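Undergrad: My structure is below; once you've seen it, I'll send some questions.
What follows is calculated from the coordinates using simple rules that are stated; it is not laboratory data. Just so it is clear, the structure is predicted and the values come from calculations on it, not from any experiment. A quick note on method: Cβ atoms are made from the backbone with ideal geometry, for glycine too, and the neighbour counts reach across all protein chains shown.
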Amino acid sequence: MRIYADNAATTKMSNNAINAMLPYMREVYGNPSSLYEIGQKAKKALEDARRRAAVVLNCDAKEIYFTSGGSEADNQAIISAARIGEKKGNKHIISTSFEHHAVLHTLKKLEKEGFEIELLDVHSNGVISARQVKDAIREDTALVTIMYANNEIGTVQPIKEIGTVCREKNVLFHTDAVQAIGHISVDIDRDNIDMLSLSAHKFHGPKGVGILYAKKGILLTNIIEGGAQERGKRAGTENLPGIVSMVAALEDATKDLDGYAAKLLPLRDKLIAGLDSIPYSELNGDRDNRLPGTVNFCFEGIVGESLILLLDNKGISASSGSACASGSLDPSHVLLAIGRPYEVAHGSLRLSLSEDVTEEEIDYMIQSVKEVVEYLRNMSPFWRDLINGKRPHVFEE
Ligand SMILES: *Cc1c(COP(=O)(O)O)cnc(C)c1O
């Protein structure tokens, strides 16, 4: 059995998304800035895609900027808000300690320039409150940037309430909605969002394409200089096959969110219950207030990387919260942010499901994780210390 359970990292492209891009590689391959027919056809397809994306997001087509993905959209949103703020002398930015690195590293860069970055503490259930945001906003706050749903633990933030607080206080509000779009309902108007980032490859679209939504009147700062594409705010010949394909995937992913949740929730909860039955394990993040497909656990006495490699041997593609990809031995900043101690933050596992997961696959994943955790614990001197009482347990049995 081969199970792909890392959909929070990226997803398989849907057939619709693949088919949607083909005509724009084979036939309508013109440059949308060219004046002859094939260029103008490309231009029309580009603007059609923009209009269709605006319908899904409930905004105006002129508020949509196509980017190279979620990271670029996050960078541009935050830098733009910072430039708007500093012109008025406002250099205070509010965010959280468990944002994606595309946000956190951009904020770090601004901090070196003299911005004051305030990262709100995340509650141990992986959620922050609108109240925390309200209390943190000051006269000189230039931006609040808070993710819609966390990519590692899957918890969902009260974005509508946070948006309302920001609107009342007249502070710009950006949300990284990369993990939320196509998984739960997102509505720019309802949620009082000023800027939003999304990425196609997280909802069965292609890699290397995304959207920055910026409300009318917000002056964007270019991250990429050059031609006058995207109304002068994002240079570079448009990735038309990617854009058309992304919009097809966006429409598919958002058209039946209730059906998606109805199918995934029981399977997700069965997976949670199964992993919960492993001694000295704990779910990371709130049990209910989470994405329909994301499950993240910590297991005492285990290192995440070895868990991932052994699960791979059993045919399961999963990921660990620990930052192995960056070559660092530091545990995940998200797990530390929710208060997990170092030693258990190292032993984390994220399984992120897609809509076509079956109950049989869920059973297989539970069984495999149980076997692998037991195997690793039996080899671990650290675990021996725990069961001999030489070290205290972090979790209850
Ligand atoms: C994947 C992801 C990103 C980055 O998107 P890319 O398109 O890969 O650049 C940003 N934020 C979150 C929450 C993500 O999950």
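Undergrad: In terms of the ratio Rg/(2.2 N^0.38 Å) built on C-alpha atoms, what value belongs to the stretch 61-164? Walk me through the numbers on the way to the answer.
TA: Values: Rg = 13.6 Å, N = 104, 2.2 N^0.38 = 12.8 Å.
The stretch 61-164 yields a ratio of 1.06.
Undergrad: Pairing the Cα long axis of helix 101-112 with the longest principal axis of the chain, what angle in degrees results, from 0 to 90 and rounded to the nearest 10?
TA: Rounded to the nearest ten degrees, it is 70.
Undergrad: Here's a follow-up. Can you give the Kirkwood hydrodynamic radius of the stretch 256-387 from its Cα pairs, in Å with one decimal? If you can, show how the numbers build up before the last one.
TA: Numbers: mean 1/r = 0.0661 Å⁻¹.
Its Kirkwood hydrodynamic radius stands at 15.1 Å.
Undergrad: Helix 37-57 versus the longest principal axis of the chain: what angle, 0 to 90°, nearest 10, using Cα atoms?
TA: Approximately 50 degrees, to the nearest 10.
Undergrad: Roughly speaking, what is the stretch gain from Lys169 to Arg26, that is 0.36 nm per residue apart minus the C-alpha to C-alpha distance, in nm to one decimal? Intermediate values should be presented prior to the final figure.
TA: Numbers: separation 143, 0.36 × 143 = 51.48 nm, distance 5.01 nm.
Roughly 46.5 nm would be gained on extension.
Undergrad: List the chymotrypsin sites (Phe, Trp or Tyr not before Pro) in the stretch 1-42 that DSSP assigns to loop (not H, G, I, E or B) and whose Cβ has at most 11 other Cβ atoms within 10 Å. Which are they?
TA: Filter output for the stretch 1-42: Tyr36.
Undergrad: OK, next. Considering only DSSP states other than H, G, I, E and B, which trypsin sites (Lys or Arg not before Pro) in the stretch 1-47 qualify as loop sites with at most 13 other Cβ atoms within 10 Å?
TA: When the trypsin sites (Lys or Arg not before Pro) of the stretch 1-47 are filtered for loop state and at most 13 Cβ neighbours within 10 Å, Arg2, Lys12 remain.
Undergrad: How high is the FRET efficiency between Glu371 and His123 when r is their beta carbon distance and R₀ equals 25 Å, given to the nearest 0.05? If you can, show how the numbers build up before the last one.
TA: Values: r = 33 Å, r/R0 = 1.33.
In this case the efficiency is close to 0.15.
Undergrad: Using a cut-off of 15 Å between beta-carbons, work out the net charge of the residues near Arg231 (Lys and Arg +1, Asp and Glu -1, Arg231 not included).
TA: Working: positive: Lys43, Arg50, Arg51, Lys62, Lys215, Lys216, Lys233, Arg234; negative: Glu47, Asp60, Glu63, Glu225, Glu230, Glu238.
Local charge sum for Arg231: +2.
Undergrad: Taking loop as defined by DSSP and a crowding limit of 15 other beta carbons within 10 Å, which GluC sites (Glu not before Pro) in the stretch 11-84 fit? Please list the in-between numbers first.
TA: Numbers: sites: Glu27, Glu37, Glu47, Glu63, Glu72; in loops: Glu27.
Sparse-neighbourhood loop GluC sites (Glu not before Pro): Glu27.
Undergrad: Checking the table Lys91/Lys169; Lys112/Lys233; Lys169/Lys216; Lys12/Lys62; Lys108/Lys255 against a 27 Å threshold on Cα-Cα, which pairs fail?
TA: Working: Lys91/Lys169 16 Å; Lys112/Lys233 25 Å; Lys169/Lys216 18 Å; Lys12/Lys62 30 Å; Lys108/Lys255 37 Å.
Over 27 Å Cα-Cα: Lys12/Lys62; Lys108/Lys255.
Undergrad: Could I ask something else about it? Angle, helix 359-379 long axis vs. longest principal axis of the chain, Cα atoms, 0 to 90°, nearest 10?
TA: With both axes taken from Cα atoms, the answer is about 50 degrees.
Undergrad: If you don't mind, there's one more thing I want to ask. Project the alpha carbons of the chain onto their principal axes and report the range along each, largest first, in whole Å.
TA: Extents along the principal axes, in whole Å: 74, 52, 36.
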